[in-house]
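Asker: Let me give you the structure first, and then I'll get to my questions.
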Amino acid sequence: MVTYTGEIQGDNTQNASVIKITDNDENKIEKTKKEMKIKAVDETVYATAGVHIRGSYSTTSDVIGSLAKGASIRRTGVCDNGWSRVVYNNQDAYIYGDYLTTTAPAKEKKPAKTNGSAPATPQQGNEPAKVKKPDSQTVEQQQTVDGKVVDASMNTLTVDINGEVYTLNIMDAAHEYANGIQVGNIVTITYAGNLADPEVTIIKVQDQDPNTPAENNN
């Protein structure tokens, strides 16, 4: 809204003086930031699974990093919508709260020392089965394949590999992304087992696409 004195005749504004300009247009982005309530905290939290670190508190915001399972990060706020504000590279970032806990992961227990004497209490029942050590054949079962991303979420990745579509659980996999992961990208998947088996183990997902067109659209 423009408040002025004088007279405007068509495109001729020479006889008018502008007093005030008022912008009544609603800025939805700023409004959303003002409406989001964030409770301030200062604590160390740990990832319960591999999870994205994002620029804002939604799954549509940019992925700016990742946190491996068991890794720690400083949390400075808890959002009303379930996201957590954290400090990443000396700036505010966000992780979905369901993947964070204040309980540190249990440390690996050291084997108990023994002097070679028989146990004080005789063992009952059969001897426990021997644990099979991984051999060279197990290592050789790891395979690598390239696929085109059909769909992606926090814990699953759907890819087209040579015309076959597979939905894979990537919760415990290592993630190496150039700039997040998007539909249509070609990813390299390291796995053990059979991709068609729901129990297949996904070891690592790599996406080298910088997603430059997506950056230019922002």
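The values are calculated or read from the model by the stated rules, or taken from the named source; none is laboratory data. Bear in mind the structure is a predicted one, so any value in this text is a computation, not a measurement. Here Cβ is always computed from backbone atoms with ideal geometry, including for glycine, and neighbour counts include all displayed protein chains. Accessible surface areas use protein heavy atoms only, side chains included; no ligands, DNA or RNA. Shrake-Rupley method; radii C 1.70, N 1.55, O 1.52, S 1.80 Å.
Asker: Got a number for residues in region 34-86 being surrounded by 12 or more Cβ atoms within 10 Å (Cβ to Cβ), small (Gly, Ala, Ser) and farther than 17 Å from Gln182 by Cα?
Answerer: Counting residues in region 34-86 that are surrounded by 12 or more Cβ atoms within 10 Å (Cβ to Cβ), small (Gly, Ala, Ser) and farther than 17 Å from Gln182 by Cα gives 10.
Asker: In region 173-204, how many residues are within 19 Å of Ile64 (Cα to Cα) and among the charged types (D, E, K, R)? Can you show your working first?
Answerer: Kept after step one, since they are within 19 Å of Ile64 (Cα to Cα), are these residues of region 173-204: 173-183, 185, 187, 204.
After this cut, where a residue has to be among the charged types (D, E, K, R) as well, the list is 176, 204.
Of the residues in region 173-204, 2 are within 19 Å of Ile64 (Cα to Cα) and among the charged types (D, E, K, R).
Asker: Are any residues in region 183-215 open to solvent by less than 30 Å² (accessible area, probe 1.4 Å) and of a type in the set (S, T, N, Q), and if so, which ones?
Answerer: Asn185, Thr190, Asn211, listed by residue number.
Asker: Quick one: which residue in Gly116, Gly180, Gly125, Gly163 is at pLDDT 70 or above, exposed (fewer than 10 other Cβ atoms within 10 Å of the Cβ) and either more than 30 Å from Val41 (Cβ to Cβ) or not charged (D, E, K, R) (or both)?
Answerer: Working: Gly116 fails: at pLDDT 70 or above; Gly180 fails: exposed (fewer than 10 other Cβ atoms within 10 Å of the Cβ); Gly125 fails: at pLDDT 70 or above.
Checking each option against the conditions leaves just Gly163.
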